[in-house]
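A quick write-up on the structure given underneath.
Any read-out appearing in this document is the output of simple, stated calculations on the displayed coordinates, not a laboratory observation. No experiment lies behind these values; they were computed from the predicted model shown. Cβ placement follows ideal geometry from the backbone for every residue including glycine, while neighbour counts extend to all protein chains displayed.
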C-alpha cells in the first residue's frame, strides 16, 4: 500500500510537471502565432481611404488584380462591415502574408486620411476642393500630375423606379426636383403622386458631384430627401419605390431605371461608353486617386502605375466603370452633325477621348497629358489612321473669338502629338457650336472647352 501510494504520488507529480510544461510550450507557441498574425496584419502594404463609389467594389478589385499581377496567391477580399474591406494574400519575398486596408466612408475622409497619415491613397469621386488643396499643400501639390491620378470615368446615374414612365430630364428640372420646387410627378408628365427624393450623404463624393453639377449655387437639397452612405442601398430603395428618384454611380444602377439627361441646348444623352469616356454626358465625372507627389512607399507607386495601365483599366471596365482606353466608335448622333463636319470625318468614327484643359489655362489637364500617350499608342497599332482634331468652346462676346480659342485648343493638342512624331491631318476650331453642356455654369463651360478626336479615313 505504501509503495502504491508512493508510486501514485510520483505519477501525479510527473504528470503535473509534464502537463504544466506542455501547457507552457503550447501557450508559448500560441502566443508566437498570435504575434505573427498580428504583425502580418498590422502593417498593410498601403491603405486607401475615401469614396464609397470607388471603395465599395472597384478599389478591392484593383488591389486584388494588382496583387495577382505580382504573383500573389490565395488572394481574398474580406468584408469587415461598416464599408471597410481588407484584401489579403500570400506573397513570396514579402514575408509571407500581405494585406491592403480600404475604408470607404466618403471622398472627404480620404483627404483627411492623407493629412493624418492614416491613408496612403485618397480615393475621390470628385476633384480635390480648393480648401483640401490648400490644407494639404505641405504634404503634396494635389493638382500635380504626380499626385492626382485618374482611375476611370463614371457617369452620375439618375435613377427612378422601373415602372415610372419618365424617360428623360434636364439638369434644370433635376435641380427643381431635388430642391422641392417640383414635388409631384404630374408636373413632369407622369402620374399624380408626390416625388420621393433619395440622396447620398454629405461625406460622399457622389453628393459633391451632384451638388456641383446639378444644384450649383441656385438650389439647395430639400430637407425631405432621404440620405445614404451607400450607392447600392440607395439604388435598391429607389427600385422599390414607384415614386422615388435618386442618383448613384453608374455601376450601382442595379434594378433601377436609368434616364437620359440634357443640359442647356445640348441633346439628352444616356450614359453609354462613348458619352462617358469623352465626358460629353452632362453628369460624367472622373474618379481619382490622390497620393504624395513623391511617395516613399514603393508599393503605392507600383499600384498607381498598375491602375493607370492596361491591366488596371481592364479591371475598371470589368467593374462597370468606363476605362480610359482609346477606341473608335460611330456616334449615335452622327446623322445630326453639320454637313461640313461630316465631310471632315467621312469614316464616321470618333475616338473615345476628349482633351480638356486646366481651369483658366491653356495647359492640358492631367487626364489629357496621360491621354496623349494613350493616343500615341493607338496610332502605333493603327499606323494608317489619320487624325482630325476639332476644338470647341463656350460662348464668348463674339463668335469669332470663340472660334479662335477653339482653334488654339486644337493646335495645343496637335503640338503635343507632334512632339511624339504624330501629325494630325486637320486641326480645326468650331467655336461654341455643338455644346455638350450649359454655358450658364462653370462646370458646363469647362465641358464645352474640349478637343474631339475623329478619324479622317
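What the table below lists for this structure:
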| quantity | calculated |
| --- | --- |
| R0 of 35 Å, Cβ-Cβ distance residue 293-residue 342: FRET efficiency to nearest 0.05 | 0.20 |
| Relative packing of peptides 194-204, 335-345, 120-130 - highest average C-beta neighbours within 10 Å first | 120-130, 194-204, 335-345 |
| Pair residue 181, residue 373: separation of 7 Å Cα→Cβ label points (nm) | 4.4 nm |
| Listed peptides 276-289, 232-245 by packing density, highest first (mean Cβ within 10 Å) | 276-289, 232-245 |
| Relative contact order %, the chain, counting alpha carbon pairs below 8 Å whose residues are six or more apart | 15 percent |
| Length gained when the stretch residue 273-residue 73 is fully extended (0.36 nm per residue, less Cα-Cα span) | 68.7 nm |
| Extension gain, residue 404 back to residue 167 (0.36 nm per residue minus Cα-Cα distance, nm) | 81.6 nm |
| Per-residue Cβ neighbour rank within 10 angstrom, fewest leading, 107, 296 | 296, 107 |
| Rounded to 5, the percent of DSSP beta bridges in the range 154-262 classed as antiparallel | 45 percent |
| Sites residue 327 and residue 194 - FRET efficiency at Förster radius 41 Å, r taken between beta-carbons, to 0.05 | 0.40 |
| Cα gyration tensor category, rounded, prolate or oblate, for the range 326-455 with a/c compared to 1.5 | oblate |
| The range 154-262 shape via C-alpha gyration tensor axes, a/c threshold 1.5 | rounded |
| Computed lengthening from residue 442 to residue 425, 0.36 nm per intervening residue step minus Cα-Cα distance | 2.9 nm |
